[in-house]
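Read-outs throughout are calculated quantities, based only on the coordinates presented, and are distinct from any laboratory measurement. Model, not experiment: these values are computed from the prediction. Neighbour counts are summed over all protein chains in view; Cβ atoms, including those assigned to glycine, are modelled from backbone coordinates with ideal geometry.
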Amino acid sequence: MTTTRTDRPARATDRTPFGSAADWGLLFIRLTFGLLMAAHGAQKLFGIFGGQGLTATGKGFEAIGYRPGKVFATIAGLSELVGGLGLAVGLLTPLACAALIGVMINAMALVTAQHGLWASDGGLEYNLCITAVAVGIAATGPGRLSFDRFFPWGRGGWWSAALALGLGGIGAAITLSL
């Protein structure tokens with residue numbers, strides 16, 4: 001006779017009032033990664049942190065085939081800014097990850113892939129790492145030290161990762177087809 005155990009012991013994260021090492025580790029990754037991506041978007045949109053601003057970024061986007069360049073620069077900048085901030089605080093994490101994934105797929109498809117793998121040669125290494133971190137955070141969930149901890153998607157899982165990758169891919173495909 002097989003019995004099912006329903007009285008599983010509480011996990012360390014359930015008993016620790018201030019979160020486990022894993023929760024703090026995820027917070028560190030989310031804050032570092034999210035705030036840097038938000039700043040990268042702010043470079044495009046506002047010209048701060050050494051960025052070129054929207055007009056110059058728009059001209060750069062036109063040079064690689066996005067027309068009108070300023071519109072696509074705005075979309076990319078907002079995706080990085082809003083996606084990065086959402087990721088940093090752990091709010092709507094799968095959607096925040098999708099925004100970053102979509103921008104990185106576009107960057108790989110039109111800018112970096114033709115230069116190979118390594119960033120030192122202008123390749124897709126950096127964009128691929130950003131994509132992998134975003135998918136990984138969507139899969140693991142943002143941790144207990146996030147706003148998403150109150151919602152079902154705050155636990156991560158295959159569906160969250162698939163949603164982030166799927167929406168990011170669909171957004172990238174639509175953008176690349178225009």
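Descriptive notes on the structure:
- Fully extending the segment from residue 147 to residue 48 would add 32.9 nm, taking 0.36 nm per residue of separation and subtracting the current Cα-Cα distance.
- Rounded if a/c under 1.5, otherwise prolate or oblate - the stretch 40-138, Cα gyration tensor axes: oblate
- Mean Cβ neighbour count within 10 Å, used as a protection proxy, ranking 121-129, 94-102 highest first: 94-102, 121-129
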